[in-house]
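Participant: First the structure, then my questions, so here it is.
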Amino acid sequence: MNSSNCLMALMRAAQSPVVPVIALLFLLAGQPAAGGAQGTAGDTLRLSLAEVLTQVRQEHPIWRAGSARVAAARARAAERSRTPTPSINVATAALTDVQVELLQPLRWPWEGSALKGVGVQDVAVANAEAEADRRAVLLDAAQRFADGLRTTRTLALAMEAESLAQHTVNQVAPGDRPDQTADLAGLQTLVSLDEAHRARVRAELQHIISQARLAVVLGRDPETPVIFEGELAAIAPLTDREAALASALATDPKSARLAHEAARAQQEVRLARARRWPALAVGPALTVGDKSRLGLALGFSFPAWGRQRDAVRAAHAERDTALARIDVRHREITALVAEALVTLTRADTELVLLRSGTIARAARALSLAEQAAPQRGAYVLAWLAARAAYLDAREAEVDLEWQSAEARLLLRDLTGSLIMEEP
């Protein structure tokens, strides 16, 4: 395929908001596909966003860590609520008598209720922490996937730019040794080709990094080639922007954890007050000596005066801290949701303006500049400027689509709906 035909094919592909990357890879013969040297076709991962999130939910160790954390909290709660271990006391009642007592500590009902309440809130805190960790991993994986889609588009655009630059050189400075030309316009085209080549290499390496980052979060070898399926404009769609803030406040696991910490502190206040009462222990007592006797032993343990006051104050302070941090967290969520919504609106608005105006006009200007380029001189420089403006507009389109996708992913994470993404 000669340069002119290649240019026409690329220009036709560019009319779509998303350049077909595979088609570009075949059109640009001699340019290696990103990651092509990293493995065979059978080792390549072809993933959509939903498939990425499904693999993370099924295989990422953060799920096992969360389950283990909850199991540990349940075990500690069960241990805390278990009946106290009895004690055996041995004493001499007389020179020839020995008294053996088996004392079973008793709990007041309100102390047992407070202990159970502390355990329930500990389990709830562990559940909320596990949910927050899982959401963070899912958001990270989704953002890595979106970055992969962006670098895929950026690489395709860089390859297109290099092809256009080579076409310009072929038209303006043909020959076996174009770098020996003394023509200013010809030298400018060579400079633009060098820049395009460097940008394409940079885009290839950045795309390899994106593949490695996603492969690692999926537990794969960093050199595993990844094909990112889907379009930036289509991933993580929103259903109800107006309800985003209310949903985020209602489903935030960090707020839930703080609420359970406040409830646990309240239960610890109850527990401290319950322990102001004397501790009781009762059980059989056997006296062995000249005459063996079986009786009943009763034990009391009186707490020191006001011993639980500091514990009550500490629990109250912990509750107040958790409640204040809930207010802080709600303000953070409000700011995050507002910023994401504004970013989404701005990016989508700019995309409409860019596609309806700048890109179409820049493509038309590029076509006209190429037609005038045979006149040489300033017309070649105008061709280079028109090509740069066209490519800048296409790069801005990719960047705006990525910003919009990032805002949608953040909103889906904040509202708790990203975890429900299904293939």
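Participant: Out of curiosity, is Ala91 surrounded by 13 or more Cβ atoms within 10 Å (Cβ to Cβ) and either part of a helix (DSSP H, G or I) or out of contact with any Cys (no Cβ under 6 Å at 6 or more places or on another chain) (or both)?
Facilitator: no
Participant: Sticking with this one: Exactly one of these conditions fails for Ala274: (1) buried (at least 17 other Cβ atoms within 10 Å of the Cβ); (2) touching a Pro at 6+ places or on another chain (Cβ under 8 Å); (3) within 20 Å of Glu111 (Cα to Cα). Give me its number.
Facilitator: Going through the list (1) buried (at least 17 other Cβ atoms within 10 Å of the Cβ); (2) touching a Pro at 6+ places or on another chain (Cβ under 8 Å); (3) within 20 Å of Glu111 (Cα to Cα), Ala274 breaks only (2).
Participant: Ala335 versus (1) surrounded by fewer than 16 Cβ atoms within 10 Å (Cβ to Cβ); (2) within 24 Å of Tyr390 (Cα to Cα): which is the lone unmet condition?
Facilitator: Of everything listed in (1) surrounded by fewer than 16 Cβ atoms within 10 Å (Cβ to Cβ); (2) within 24 Å of Tyr390 (Cα to Cα), Ala335 misses just condition (2).
Participant: Take region 40-79 and flag every residue that is of a type in the set (D, E, K, R), assigned to a helix (DSSP H, G or I) and either in contact (Cβ under 8 Å) with a residue 24 or more places away in the chain or crowded, with 16+ Cβ neighbours inside 10 Å (or both).
Facilitator: If the condition is that a residue be of a type in the set (D, E, K, R), assigned to a helix (DSSP H, G or I) and either in contact (Cβ under 8 Å) with a residue 24 or more places away in the chain or crowded, with 16+ Cβ neighbours inside 10 Å (or both), then Asp43, Glu51, Arg57, Glu59, Arg69, Arg74, Arg76 are the ones that fit.
Participant: Quick test of your reading of the structure: Leu351 fulfils all but one of (1) farther than 23 Å from Gly230 by Cβ; (2) surrounded by 17 or more Cβ atoms within 10 Å (Cβ to Cβ); (3) not β-branched (Val, Ile, Thr). Name the failing condition by number.
Facilitator: Of the numbered conditions (1) farther than 23 Å from Gly230 by Cβ; (2) surrounded by 17 or more Cβ atoms within 10 Å (Cβ to Cβ); (3) not β-branched (Val, Ile, Thr), the odd one out for Leu351 is (1).
Participant: Is region 248-268 home to any residue that is in contact with a Gly (Cβ under 7 Å, 6 or more places away or on another chain), under 30 Å from Ala322 (Cβ atoms) and outside any strand (DSSP E or B)?
Facilitator: Yes.
Participant: Let me spell it out: the conditions are (1) in a loop (DSSP other than H, G, I, E, B); (2) more than 30 Å from Ala340 (Cβ to Cβ), and Gly283 meets all of them except one. Which number is the exception?
Facilitator: (1)
Participant: Give the residue, chosen from Ala311, Ala335, Ala317, Ala324, that is within 25 Å of Gln403 (Cβ to Cβ) and in a helix (DSSP H, G or I).
Facilitator: Ala335
Participant: Evaluate the following for Ala212: is it without any contact (Cβ under 8 Å) to a residue 40 or more places away in the chain, surrounded by 18 or more Cβ atoms within 10 Å (Cβ to Cβ) and within 30 Å of Gln58 (Cβ to Cβ)?
Facilitator: Taking the combined requirement at face value, the residue satisfies it.
Participant: Going through region 403-416 one residue at a time, which ones are in contact with a Ser or Thr (Cβ under 9 Å, 6 or more places away or on another chain) and either of a type in the set (A, V, I, L, M, F, W, C) or farther than 16 Å from Ser247 by Cβ (or both)?
Facilitator: Once the filter is applied, which keeps residues that are in contact with a Ser or Thr (Cβ under 9 Å, 6 or more places away or on another chain) and either of a type in the set (A, V, I, L, M, F, W, C) or farther than 16 Å from Ser247 by Cβ (or both), region 403-416 yields Gln403, Ser404, Glu406, Ala407, Leu410, Leu411, Leu414.
Participant: Out of region 230-247, which residues are out of contact with any Asp or Glu (no Cβ under 6 Å at 6 or more places or on another chain), assigned to a loop (DSSP other than H, G, I, E, B) and not polar (S, T, N, Q)?
Facilitator: Hits for region 230-247 are Gly230, Glu231, Ala234, Ile235, Ala236, Pro237, Leu238, Asp240, Arg241, Glu242, Ala243.
Participant: Follow-up question, since we're still on this one. State yes or no: is Leu368 without any contact (Cβ under 8 Å) to a residue 24 or more places away in the chain and either in contact with an Asp or Glu (Cβ under 7 Å, 6 or more places away or on another chain) or aliphatic (A, V, I, L, M) (or both)?
Facilitator: In short, yes.
Participant: Test Arg257 against the criterion of being touching a residue at least 12 places away in the same chain (Cβ under 8 Å) and either buried (at least 17 other Cβ atoms within 10 Å of the Cβ) or β-branched (Val, Ile, Thr) (or both), and give yes or no.
Facilitator: Yes.
Participant: Further question on the same structure: Would you please list the contacts, defined by Cβ atoms under 7 Å and residues six or more apart or on different chains, that run from a residue in region 144-170 that is among the acidic types (Asp, Glu) to a residue that is at pLDDT 90 or above and in a helix (DSSP H, G or I)?
Facilitator: Partner pairs satisfying both residue conditions: Asp147/Ser210; Glu162/Ala196; Glu162/His197; Glu162/Arg200.
Participant: Here are some residues: Ala373, Ala347, Ala388. Which one is closer than 30 Å to Asp194 by Cα and touching a helix residue (DSSP H, G or I) at 6+ places or on another chain (Cβ under 6 Å)?
Facilitator: Ala373
Yes/no per residue for (1) at pLDDT below 90; (2) assigned to a loop (DSSP other than H, G, I, E, B); (3) farther than 25 Å from Val398 by Cβ:
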| site | (1), (2), (3) |
| --- | --- |
| Glu162 | no, no, no |
| Gln166 | yes, no, no |
| Gly175 | yes, yes, yes |
| Arg198 | no, no, no |
| Ala203 | no, no, no |
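Participant: Sticking with this one: Which of the residues spanning region 356-382 are surrounded by fewer than 16 Cβ atoms within 10 Å (Cβ to Cβ) and small (Gly, Ala, Ser)?
Facilitator: Ser356, Gly357, Ala360, Ser367, Ala372, Gly377, Ala378
The values are calculated or read from the model by the stated rules, or taken from the named source; none is laboratory data. This structure is a prediction, so every number in the text was calculated from the model and none was measured. FYI the Cβ positions are ideal-geometry reconstructions off the backbone, even for glycines, and counts take in every protein chain you see.
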